[in-house]
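The values are calculated or read from the model by the stated rules, or taken from the named source; none is laboratory data. As the structure is a prediction and not an experimental result, all values here were calculated from the model. All Cβ positions, even for glycine, are placed from backbone atoms using ideal geometry, and neighbour counts span all protein chains on display. Keep in mind that these areas ignore ligands, DNA and RNA; they rest on the heavy atoms of the full protein, side chains included. Shrake-Rupley method; radii C 1.70, N 1.55, O 1.52, S 1.80 Å.
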Amino acid sequence: MSYAKRSPWLLHYDASSCNGCDIEVLACLTPVYDVERFGIINTGDPKQADILLITGAVNDQNKEVVKQLYEQMPEPKVVVAVGICACSGGIFRDCYNILGGVDTVIPVDVYVPGCAARPESIIDGVVKGLGVLEEKQRKMEAER
Amino acid sequence: MGKRTIVPFGPQHPALPEPVHLDLELEDETVVRAVPSIGYVHRGLEKLTESYDYESMTYVMERVCGICSFGHGWGYTGAVEGLMGVNIPDRAEYLRIVFHELSRVHSHLLWLGLLADGLGFDSLFMHCWRIREKVLDVFEAVTGGRVILSYCKVGGVKKDLTPEMVQRIVSMCDDIEEDMRRTGYVFMKDSSVRNRLCGTGVLSKEDAVELCCVGPVARGSGVDNDVRSASKWYREVGFEPVLYDEGDCWSRCMVRVDEVVQSLNLVRTALRNLPDGDIAVPVKGPAPVGDFAFRVEQPRGEAFYYVQGNGTKNLGRARVRTPTNINIPAMVRTLQGCNLQDVSMLVITIDPCISCTER
Ligand code: SF4
């Protein structure tokens, strides 16, 4: 990837993660990994976010929240599922309260495996997400 | 008297890394009542005992929470060892203390960072997390994982420390202590931190006892209920509980600052006196009929593990009672009558771990 055209803003939501992936997502923002050098900022507001980062699997209580957050984000948007829980349910897939990976409720663009996903692979996933974001942007412009 | 309004707080909120929902009933700016509702992270992992045998269940139990993951592994394996009547080697006990205390260092630094973030003190947040990475580097070097370690197993621990590794951990402890001298000073003396924390959300000693608080919340109100005091091994490495009497947000914060330094000392003492010998004993066969309970002082407070054997390889029941669960009534009590601006501080200072609470 050469230059990113935008500074993408992240929205992080913890679906039902064990915190392992969560704190690795946060670790990406802090000095050692520092994703801010790519112009990436963590925001708390879905209306300003370009990339939705979800950790953890989806359950009955939070599936509405996940859907709502996704719908509130403006187009174009990218969803990155972080951790094996978010990809498929992982070790918890047999639990009675787990519906499965994030893709059971919203479309997912990038899957980041690992339990817990490492900061390096999370950053890689987000950078891949940037590519998808640009692609979607281009498509939107062509359709206009 | 103003009109009552209800303000929802969460489940997705910038001050919280985890989803918890509070309905705050306000009169002007003052909170009259706070009603918590949970369940966003519930997975139901205790029921997995039916599909995993007691050994592989360790991996599930470690994922009760990724921050104090080692402690959950220890609590669960400790309970299973008790049920099976196994005594683990001394060296394993010491290694467990080393890793548990290192986990406490990383957990408290993580929390101090989140507190600084909540205060809007970004550079302090970054410094705390920078220091914390040093612990994670050691974890990665020994176990291969940064947050989920899988270091405990039923019967002991999985990997021995080489003398070079011991040396590396000791010098890392010295390094962090040096960092903490400066960072801890900011929490102790900086006026913007003190203005926000001192006198906020006071929990009296009587209330703390009545509401059965645990961990730094209780110790910040002067209640000594650290379960490490009851452990023979912890007494050997010279453990003393850290207590503060004020009961406000600041004293809960200082308990954690002091515990970081204390844990570093415990780690160094344990490594200096590390006994020789095996690191694990083999454990085989089905779990006998019976039950056993085990307690561990997690970074957030006492956690209680209960296992029940039914004569097969799968346990009949494995249960955890986690510290945040116990501290939520105290949070609700301190929220009553507080200012709306202080809500995020009060929620943060009990160090909620929702993933533990709901499992
Ligand atoms: S993938 Fe692993 S570390 Fe991440 S949330 Fe799931 S269990 Fe926790």
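Numbers for the structure displayed
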read-out	value
Computed E for B:Ser51/B:Ser191 - FRET, C-beta separation, R0 51 angstrom, nearest 0.05	0.40
The range B:40-358 - charge dipole about Cα centre, Lys and Arg +1 at Cβ, Asp and Glu -1, debye rounded to 20	460
Residue-averaged [θ]222 nm for chain B, counting only DSSP H segments that reach four residues, each worth -39500 (n - 2.57)	-15500 deg cm²/dmol
Dipole magnitude of chain A, debye to nearest 20 (Cβ charges: Lys/Arg +1, Asp/Glu -1, about Cα centre)	300
Distribution of pairwise C-alpha distances over the range B:255-359, 5 Å bins, in %	2, 9, 12, 13, 14, 15, 13, 10, 6, 3, 2, 0
Integer Hz, Karplus 6.51/-1.76/1.60 couplings in order for the range B:157-166, x for Gly and Pro	10, 8, 9, 8, 8, 7, x, 5, 5, 4
Kirkwood-Stokes translational diffusion coefficient of the protein assembly as shown, alpha-carbon pairs, 10 °C, 1.306 mPa s, µm²/s	68
Sites B:Asp160 and B:Leu243 - FRET efficiency at Förster radius 35 Å, r taken between beta-carbons, to 0.05	0.50
Reachable aspartates and glutamates, given that their alpha-carbon falls under 16 Å from the alpha-carbon of B:Lys205 and they are not under 8 places away in the same chain	B:Asp224, B:Asp226, B:Asp245, B:Glu246, B:Asp248
Distant-in-sequence amide H partners of B:Glu302 (H built 1.01 Å from N, under 5 Å)	B:Gly215
The range A:2-143 shape via C-alpha gyration tensor axes, a/c threshold 1.5	oblate
Alpha carbon convex hull of the range B:61-163, volume per residue in cubic angstrom	90
In sequence order, calculated HN-Hα J values of the range B:90-95 (Karplus, 6.51, -1.76, 1.60; Hz; x Gly/Pro)	4, 4, 5, 4, 5, 5
Per-residue HN-Hα couplings for the range B:353-359 [Karplus 6.51, -1.76, 1.60; θ = phi - 60°; Hz; x = Gly/Pro]	10, 6, 4, 5, 4, 9, 6
Pairwise FRET efficiency - B:Arg168 versus B:Val7, Cβ, R0 = 45 Å, nearest 0.05	0.35
For chain B, the fraction of alpha-carbon pairs in successive 20 Å shells from zero, as %	30, 57, 13, 0
Residues whose placed amide H lies under 5 Å from that of B:Arg317, excluding near-sequence neighbours	B:Gln308
Of all DSSP beta bridges in the range A:49-124, antiparallel share, percent nearest 5	20
Helix-derived mean residue ellipticity, 222 nm - over chain A, DSSP H n ≥ 4, -39500 (n - 2.57), to 500	-11000 deg cm²/dmol
1.4 Å probe accessible area per residue over the protein assembly as shown, in Å²	38
Selected from B:Cys253, B:Cys128, B:Cys198 as most flexible by GNM, with chain B as the system and alpha-carbon contacts under 10 Å	B:Cys198
Accessible surface buried once A binds B (1.4 Å probe; total of both sides; Å²)	3200
